[in-house]
Amino acid sequence: MTDRGVSVALSYVLTLAITTLLISGLLFATANVVGDRQESVTRTELQVVGERVSASLMTADRLVQSGASTVIVEVPAPQRVAGEGYSIALNATGGEVVLSTGDPAVVVRVPFRNETVVATSEANGGDVEIVFADDGELEVRSA
Amino acid sequence: MADVGIRGAAGSDRGQLILVTGLIIAVTMVALVLLLNTAIYTENLASRGADQSGREAIEYRGTVVEGVAGLIEAENAQGYDDYTKVWRSVRDGVVQIDNRTSRSYALGGTVVRINRSAMDIHNGTAMRQTSEQAFESNSGDTDWTLITGVKETRSFSMTVTSDNNLIPTNETMVVQDRAFNVTLKDEDGHRWQVYVYANETSGDDIAVAVRIGGGSAQEIWSDDGDDARIDLNKHTINDQSVSELNWSDDITDPHEIAFSNGDEANGRYNITVKSASVEKSDFNDVGDSPYYVAIVYSVDLPLHYESPTLTYETTVRVAPGEPE
């Protein structure tokens, strides 16, 4: 007697619809959380790698200034950042190391100070080396 | 009762959507965990110390420079009169230093090397008169050339005493003809001379004049004292700065050094130059004034330093006794 005037089909549809709404909302939020985390982790990792490259660049700069004919500094770096490949570039005019990934598109810039001329150059993510090249400029190369 | 399931048994397969959702969320969480794993790795990477090998490379360079400088000073103090002997002693010493540093750095996993085949050892000469006597050669020549082909001068100090030997005059022509002087002449024929005499008019016991090329001698300093300590490298007389003593504007390297009228003055001198073309027959044995010592003037060392994280090559010039 408690279910007079209740349509079975309507109950069915209502239950499904509400459940689906709730569930999709939940999944959407979870996916967002993971996406956010990924971007934040990517940014942090690129920052760390960038600081290492910058520090090695400044070490190489100091060695060249103290009178060296050849300097090669190895910088160990992870192959992928948060599952994404990335690239390391030196921006001579801006005096910064630029690291970028494709998807999600994250760009991190780490500044450096130099006395030796730096050549604008680029290398893929992974172990790289800072080389004082024959043309008298510092550049980054894949190790 | 609500009839959601197809089979309709009471409650046994309700909520399959919720189960599926739970599974999907669980899988997503696993992906999140993998992501956070890389974050942990990054934090670990960030906590590693900054690369020290730059400092170690500079330390190696400093070690070699200090060792070779001490070696050169020790060998020069031996008082060789043969350039080949002192050259060879220094070279053998550098080989020893290289062997020892290579071994001790290899224990730490670093390869260091002095490139011996590209090493350059430059001979030099130290000419000295340590007892007070006339500025003559060992056989009594009063006008004589001490050394030719001088490319660099490390020290050039003379002490001339104001005794009766100095020519008393103030006339330019007498100074130029008869006073004791040191002549520097380069390969283009330019001449620069410094004269020492006693100034008759002012009554000063000792005076110094400079003559450039064919001009006339100009008095630049005089004093009523016991001696004049002339330093042609620091451009001082008795520790006073005298800018007219700067001969490098007028004389180019290589040049030669000669004394004239050496019997008209008494004193001592200590001259160290980069040249091996000394007139050996004009000097006595080491210790017997005037004498010369065959020395090593400077050494150019190509260095190589290689560690797992750094490759460093440079050429250092070791010249003990030179200001930085």
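The values are calculated or read from the model by the stated rules, or taken from the named source; none is laboratory data. Values in this document were obtained by computation on a predicted structure and should not be read as measured data. Here the Cβ positions follow ideal geometry from the backbone for every residue, glycine too, while neighbour counts run over all protein chains shown. For accessibility, only protein heavy atoms count, side chains too; no ligands or nucleic acids. Shrake-Rupley method; radii C 1.70, N 1.55, O 1.52, S 1.80 Å.
Can you confirm whether B:THR169 is of a type in the set (S, T, N, Q) and either at pLDDT 90 or above or open to solvent by 20 Å² or more (accessible area, probe 1.4 Å) (or both)?
Here the answer is no, as B:THR169 does not meet what is asked.
The requirement of being at the interface with chain B (Cβ under 10 Å from one of its Cβ atoms), surrounded by fewer than 17 Cβ atoms within 10 Å (Cβ to Cβ), touching a helix residue (DSSP H, G or I) at 6+ places or on another chain (Cβ under 9 Å) and more than 28 Å from B:HIS304 (Cα to Cα) is fulfilled nowhere in the range A:51-72; no residue meets it. For the range B:49-68, taking the residues that are more than 10 Å from chain A (Cβ to nearest Cβ) and buried (at least 17 other Cβ atoms within 10 Å of the Cβ), the one that is modelled with the lowest pLDDT is identified as B:GLU56.
Tell me the residue from A:GLU74, A:GLU84 that is acidic (Asp, Glu) and modelled with pLDDT of 90 or more, please. Outline the logic, then answer.
Numbers: A:GLU84 fails: modelled with pLDDT of 90 or more.
When all the criteria are applied, what remains is A:GLU74.
Note on the range A:78-135: residues that are in a strand (DSSP E or B) and either open to solvent by less than 80 Å² (accessible area, probe 1.4 Å) or touching a Pro at 6+ places or on another chain (Cβ under 6 Å) (or both) total 25.
Put simply, of B:THR148, B:THR101, B:THR159 the only residue that is part of a helix (DSSP H, G or I) and surrounded by 15 or more Cβ atoms within 10 Å (Cβ to Cβ) is B:THR101.
Check B:ILE167, B:ILE121 and return the single one that is among the aliphatic types (A, V, I, L, M), closer than 30 Å to B:ARG100 by Cα and in contact (Cβ under 8 Å) with a residue 24 or more places away in the chain. Don't jump to the end; show me each part of the working.
Working: B:ILE167 fails: closer than 30 Å to B:ARG100 by Cα.
Result: B:ILE121 is the single residue among B:ILE167, B:ILE121 that is among the aliphatic types (A, V, I, L, M), closer than 30 Å to B:ARG100 by Cα and in contact (Cβ under 8 Å) with a residue 24 or more places away in the chain.
For the residues B:ALA46, B:ALA39, the requirement of being more than 42 Å from the chain's Cα centre (by Cα), within 14 Å of chain A (Cβ to nearest Cβ) and modelled with pLDDT under 95 singles out B:ALA39. Pull out all pairs, ordered by first then second residue, where Cβ-Cβ is under 6 Å, the residues are six or more apart or on different chains, the first lies in the range B:187-209 and is basic (Lys, Arg), and the second is outside any loop (DSSP other than H, G, I, E, B). Every condition considered, the pairs that remain are B:ARG191/B:LYS185. Number of residues in the range A:33-50 that are aliphatic (A, V, I, L, M) and either over 18 Å from the mean Cα position of the chain (by Cα) or surrounded by 17 or more Cβ atoms within 10 Å (Cβ to Cβ) (or both): the value is 4. So which residues in the range B:135-145 are open to solvent by less than 20 Å² (accessible area, probe 1.4 Å) and part of a strand (DSSP E or B), if there are any at all? Residue satisfying the conditions is B:TRP144 alone. With respect to the conditions (1) facing chain B (nearest Cβ under 10 Å); (2) modelled with pLDDT of 85 or more; (3) in contact with a helix residue (DSSP H, G or I) (Cβ under 8 Å, 6 or more places away or on another chain), A:SER11 lacks only one, and its number is (3).
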